[in-house]
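A quick write-up on the structure given underneath.
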Amino acid sequence: MTRGVVIAATRSGAGKTTVALGLMRAFARRGAAVQPFKCGPDYIDPAFHHAATGRPSFNLDGWAMDAGTLSGLVGGHPADLAIAEGVMGLFDGVGGRGATADVAAALGWPVVLVLDVKGQTETAAAIAAGCAAYRADVAIAGVILNRVASARHLSLIAPAFDRIGIALFGAITNDPRLSLPERHLGLVQAGETADVEQRLDLLADVLGECVDLDAVAANARLSTAVAAGGAGFIDPPGQRVALAGDQAFSFMYPHLVEHWRACGAEILPFSPLRDEAPAADADAVWLPGGYPELHAATIAAAGRFHQGLRELAGKGVPIHGECGGYMVLGQGLEDGDGMRHAMTGLLAVETSFARRSLHLGYRAARLGADCALGKSGAEILGHEFHYARVLNIGDDKLVDCRDASNAVVAEAGARRGSVSGTFFHAISRG
């Protein structure tokens, strides 16, 4: 089993992505095989992890995956060092589940805590001490300070860490060059960041100078979890699965594709933005989420893509869309400027980004009919995160959905014949 560490913080925006990417790239440049992971439901950070290490990054989800499933993902990707980037604050979950701390505890990996110390001195040590004492099953290996103003600032912080007995692995000064471009769902995608290699190398340079890399590596630990059963991943929807993939359809969990291949399915990539139709002999089509609202005019004009989908739907081939893919299966999509673009028309849903409305949270969905997600009655665990509003919907309801607190939510998906769609992204079987 690979030795690993978890990079966590006390809140979002404290710098854990910067630190995680810098560490991944720095160790990879040393010649180590670095296996990246991302805690929680995220698509954008893992793409940067892949760019930093040359290895696909897999999501470790403490809400939708049990300890056996988490351990199986880790054990299935051996490396010299595993680095898992956390989500939100270390102990921030929903309904008592899904926190970065849960993943760290399940795997037995120690935490490297990133602290944004702007405007702080000894309080930083008090926060670290509180995190170290909060849960007995979560170990803080050490701390990396971020946004340190000066050498004098550091000199006012460091003695307190000596007193509480928590190691300081390093300190990063406040450097605007270390930021990455963002948009409403998070960072701009790695594939859209033209200078991503230079940015990653800069992060590695800074982390190499400011952080004791040997101390971080020395504190990595083997996982204590045992792979045994697990919630189970979504089975392949067919033997030959046409999978959309480009800048508009990029939000696909790698563990699903890996599982489908392991089950013997053949993945047939195609790009709607290049007006490519899904393979005519595909026996299933999957449209992931992404940013269709940014490419709506191109998608609307992709005649071969539209026609290929219609022909397969006419043959009864299962077609499923998640979030952005779901919207593209609909009648029309209104972009942020209020311009309507005709979509494929395989479902009756009309969506709009003209007045954004946030929809966010875990989803436990019970299927009301057979579809590409599984058999009627099956439970699917997933996550919903988008800003689209539904203007109209007219097809059969696909799922009964509840959130992490077991409250009923409006998300019901849609189904017409063999075509289905949901706003949530499927993670695993319940």
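Laboratory data are not the source of any read-out in this text; all were calculated from the coordinates shown. Keep in mind that this is a model prediction, so the values were computed, not measured. Methodologically, a virtual Cβ is constructed for each residue, glycine included, from the backbone with ideal geometry; neighbour enumeration extends over all protein chains shown.
Can you give me the orientation-averaged projected area of the convex hull built on the Cα atoms of segment 240-429, in nm²?
9.4 nm²
What does the charge count around F27 come to, taking other residues whose C-beta lies under 11 Å from its C-beta (Lys +1, Arg +1, Asp -1, Glu -1)?
Within the 11 Å Cβ shell, the charges total +1.
Pairing the Cα long axis of helix 44-53 with the longest principal axis of the chain, what angle in degrees results, from 0 to 90 and rounded to the nearest 10?
60 degrees
Using the beta-carbon distance between K397 and D370 and R0 = 22 Å, what value does 1/(1 + (r/R0)^6) give for FRET efficiency, to the nearest 0.05?
Once rounded, the FRET efficiency stands at 0.95.
Can you tell me the FRET efficiency between S150 and F91 if r is taken as the Cβ-Cβ distance and R0 is 22 Å, rounded to the nearest 0.05?
0.10
If R0 is 35 Å, what FRET efficiency do you get for E197 and C263 from their C-beta distance, rounded to 0.05?
0.50
Would any residue of segment 50-87 have its amide N under 16 Å from a label point 7 Å out along Cα→Cβ of R29? List them or say none.
Taking a point 7 Å out along Cα→Cβ of R29, the residues of segment 50-87 whose backbone N falls under 16 Å are 51-54.
Once you have the alpha carbon radius of gyration of the chain, what is it after dividing by 2.2 N^0.38 Å, with N set to its residue count?
Compactness ratio reported: 1.01.
Count the lysine pairs in the chain that are 8 or more places apart or on different chains: how many have C-alpha atoms under 27 angstrom apart?
Value for the chain: 6.
Among DSSP beta bridges whose residues both lie in segment 240-429, state the antiparallel percentage, nearest 5.
For segment 240-429, the DSSP antiparallel bridge percentage is about 60.
When a/c reaches 1.5 or more, the comparison of a/b and b/c decides; with that in mind, is segment 305-407 rounded, prolate or oblate per its Cα gyration tensor?
The shape class here is oblate.
Hey, what does the equivalent ellipsoid look like for segment 269-342, semi-axes from the Cα gyration tensor as sqrt of 5 times each eigenvalue, largest first, whole Å?
Taking √(5λ) for each eigenvalue gives 21, 12, 11 Å, largest first.
Treating the angle as unsigned and between 0 and 90°, give the value, to the nearest 10°, between the Cα long axis of helix 303-314 and the longest Cα principal axis of the chain.
Once rounded, the angle reads 70 degrees.
Considering all projection directions equally, how large on average is the shadow of the alpha-carbon convex hull of segment 3-222, in square nanometres?
11.2 nm²
Provide the per-residue ³J(HN,Hα) series for segment 325-331, in order, calculated from phi with Karplus coefficients 6.51, -1.76, 1.60 and θ = phi - 60°, each as a whole number of Hz, with x at glycine and proline positions.
Going residue by residue, I get x, 4, 5, 5, 6, x, 6 Hz, with x marking Gly and Pro.
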